[in-house]
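Okay, structure first, notes after.
The values are calculated or read from the model by the stated rules, or taken from the named source; none is laboratory data. Computed from a predicted structure; not experimentally measured. For accessibility, only protein heavy atoms count, side chains too; no ligands or nucleic acids. Shrake-Rupley method; radii C 1.70, N 1.55, O 1.52, S 1.80 Å.
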Amino acid sequence: EAGLRTDDWTALLGVAGDLGIRKLKLLGGEPLLRRDLPEIVASVRHQQPDMDISVITSGVTGVRSVERLFDVGLSRCNVSVHGFGVEEMARHGGTPSAHRHRSEILAFLVRSGRPVKLNYVYTGPGVEPDLAGLLDWASGEPVVVNVPLTGPGRTKPSTLLTWLFSVPFPSRPPLFGV
């Protein structure tokens with residue numbers, strides 16, 4: 001694996017915690033592909049018991065990788081959703097196998113009561129039926145769904161729609177933020 005070695009990461013993150021950093025978000029590419037990620041999370045949790053440690057994943061590596069991270073100290077999981085349904089996910093390069101893995105991870109997170117946030121990648125009006133499918137599923141689950149919206153010619157979101165679900169309530173309106 002390219003980049004820092006495991007012991008370099010754990011030392012660096014330990015110093016960050018000593019300097020007052022209280023939130024660690026593991027992301028970039030697909031962090032769950034890093035074989036030593038459980039070791040890094042376990043080391044940070046041991047050095048910094050109160051640190052909020054989260055991961056942002058597309059959820060395509062299988063449920064065991066997420067279970068292992070929670071076993072060693074992960075606080076919460078964010079899942080990037082590039083198409084909720086299998087067809088929309090395929091339009092973004094996903095496979096039926098990747099869709100199955102992500103579905104298993106979402107089921108594990110909800111079933112085990114783990115904090116989960118879904119970040120839906122909104123690419124335009126054509127994905128609205130797919131987004132509706134996600135919101136319909138989420139309406140009965142204890143999850144947060146974020147949908148950053150971009151305007152014409154913009155690369156950064158101009159509006160962020162957030163739905164907070166904790167009990168079945170399909171007609172719950174979105175909460176708006178910037």
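How do 23, 117 stack up against each other in accessible area, from largest to smallest, with a 1.4 angstrom probe? Write out the running numbers ahead of the final one.
Working: 23 145, 117 60 Å².
Heavy-atom accessible area, descending, gives 23, 117.
Mind checking the per residue accessible area of segment 1-77 for me, 1.4 Å probe, whole number of Å²?
Values: 4110 Å² over 77 residues.
Dividing the accessible area of segment 1-77 by its residue count gives 53 Å².
I'd like the carbon and sulfur percentage of the solvent accessible area for segment 25-108, probe radius 1.4 Å, heavy atoms only, ligands and nucleic acids excluded. Present the calculation step by step, with values, prior to reporting the outcome.
Details: 2090 of 3810 Å².
Heavy-atom surface of segment 25-108 belonging to carbon and sulfur, 1.4 Å probe: 55 percent.
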